[in-house]
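Data first, discussion second: the structure below is written as structure tokens.
The values are calculated or read from the model by the stated rules, or taken from the named source; none is laboratory data. Keep in mind that what you see is a predicted model, and the values were worked out from it rather than measured. Note: ideal-geometry Cβ built from the backbone for every residue, glycine included; neighbour counts use all protein chains shown. Note: areas computed on protein heavy atoms with side chains; ligands, DNA, RNA excluded. Shrake-Rupley method; radii C 1.70, N 1.55, O 1.52, S 1.80 Å.
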Amino acid sequence: MKPKHTFKKDLPLYLMALPGVVVLLAFAYVPMAGLILVFKDYHFKGGIFGSEWADPLFKNFSFFFNNMDTALRATKNTIGLNILFFVFGTIFAVAIAIMLSEIKSKKFIKGSQSVMFFPYFISWMVMGAILNALLSSEVGVISGLLKRAGINFDFYTSPAAWVIILVLVVIWQSTGYNSVIYYGVLSGFDTSIYEAAQVDGASKWQQIRKITLPLLRPTIIIMFLLSVGNMLKGNLNMMIGLTNLNPMLLPVTDVIDVFVYRSGVKNGDMAFASAVSLYQSIFGFLLVIISNKIAKRFDKDTSLF
């Protein structure tokens, strides 16, 4: 079939895709022209295109890498926390999805999913207020219980404790949302495989370990590959909402986005903030490429491209 005839035949499909393509270009590609800001000595009067070129050209990157100790700490915190969020978030989401798949009552499943979905819509500021009500040394419920037990522990001056606290909060906030994805995948599995396993005398745990988890592996890998691109991006809203950028907690909570906010955005240095964002995007892209190649070596069907 000639290309012209193919285009006419597929024209309705092209028209359906057109709004999505326009939105993608408008919000994802057109703003990339602003990357020129990274190489400018930016000032508000001249704007992005009217400001002079930086001298030297990579001047806006120098501040981040001149503070190497802080830069390494921010990078380590960002990657470390994101890995913990993904690993423990996946474990809990998969576990809940498997438990829901074993329940026969559809009403109970829908009700449970609605309840578990609710934390996903709570803002980080509200979560910060909840944490303060639990952990504050003055009015916190948990702190009060510890004091009664003879333990004086101030959560807001103990950075190490916040690794666990942040992981628990992210699990509480995102597990319900992520479990829906895995539950949807589980619902599409062929039940005859489980019936055959039951006939062979396999227990529920053996079915989960030998059938469910291997079948879920491609989905877990794809979810990991989708999250890898954001491994160098921290959640600034989360850190502000939960810790109010408490200086005592910065050894753990000073992720790259927090560092950029403290060092650049608050001082109006937009060029520096854009330079670090470009650094995050480039290395995030490289991480996706490397992770995808590693995944392809183990199983070609699990790679993104």
Practice problem: Averaging sequence separations of C-alpha pairs under 8 Å and six or more residues apart, then dividing by the length of the chain, give the relative contact order as a whole percent. | Solution: 25 percent
Quiz prompt | Selection from ILE282, PHE86, VAL199, by position along the positive dipole direction of the chain (Cβ) | solution = VAL199
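Kirkwood Rh, Cα Rg: Rg to Rh for the chain? Could you put the intermediate results ahead of the total?
Details: Rg = 24.3 Å, Rh = 23.3 Å.
Reported Rg/Rh, Kirkwood definition of Rh: 1.05.
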Quiz item: Per the helix-only calculation at 222 nm, which mean residue ellipticity applies to the chain, given -39500 (n - 2.57) for every DSSP H run of n ≥ 4 and division by its residues, nearest 500 deg cm²/dmol?
Solution: -21500 deg cm²/dmol
Practice problem: Hey, can you grab everything whose amide H is under 5 Å from the amide H of LYS40? Only 5+ residues off in sequence or another chain; H modelled, so Pro and N-termini drop out. | Solution: ALA54
Quiz item: For the range 48-54, in order, what is each residue's ³J(HN,Hα) by Karplus, 6.51 cos²θ - 1.76 cosθ + 1.60 with θ = phi - 60°, in whole Hz (x at glycine and Pro)?
Solution: 5, 8, x, 6, 6, 5, 5
Exercise. Whenever you get a sec, compute what percent of the accessible area on the range 42-191 sits on carbon and sulfur atoms (1.4 Å probe).
Key: 69 percent
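List the DSSP H helices in the chain whose Cα atoms stretch 30 Å or more along the helix axis and whose mean Kyte-Doolittle hydropathy is at least 0.5.
Working: long enough: 68-101 (49 Å, 1.38); 161-187 (38 Å, 1.47); 270-298 (42 Å, 1.17).
Those that pass (Cα extent of 30 Å or more, hydropathy at least 0.5) are 68-101, 161-187, 270-298.
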Quiz item: Expressed as a whole number of Å, what is the distance separating the alpha-carbon centroids of the range 54-94 and the range 185-223?
Solution: 37 Å
Exercise. Assign one of three labels to the range 1-155, namely rounded, prolate or oblate, based on the Cα gyration tensor with a ≥ b ≥ c the square roots of its eigenvalues; rounded applies when a/c is under 1.5, prolate when it is not and a/b is larger than b/c, and oblate otherwise.
Key: oblate
Self-check item: Förster radius 22 Å - calculated FRET efficiency between ILE130 and MET99, Cβ distance, rounded to 0.05
Solution: 0.30
Quiz item: Counting pairs of alpha carbon atoms under 8 Å apart in space and at least six apart in sequence, what relative contact order in percent does the range 152-301 give?
Solution: 31 percent
Exercise. For every other residue with a beta carbon closer than 12 angstrom to the beta carbon of SER203, add +1 if it is Lys or Arg and -1 if Asp or Glu, then tell me the sum.
Key: +2
Self-check item: Estimated inter-spin distance, PHE121 and LYS9, nm [label 7 Å along Cα→Cβ]
Solution: 4.5 nm
Exercise. For the range 150-305, just say rounded, prolate or oblate: build the C-alpha gyration tensor, square-root its eigenvalues into a ≥ b ≥ c, call rounded for a/c under 1.5, and beyond that prolate if a/b exceeds b/c, oblate if not.
Key: oblate
Practice problem: For the range 1-90, calculate the relative contact order in percent as a whole number, restricting contacts to Cα pairs under 8 Å that are 6 or more residues apart. | Solution: 14 percent
Quiz item: How do the peptides 130-139, 216-225, 187-196 rank, highest first, by the average count of neighbouring beta carbon atoms within 10 Å per residue?
Solution: 216-225, 130-139, 187-196
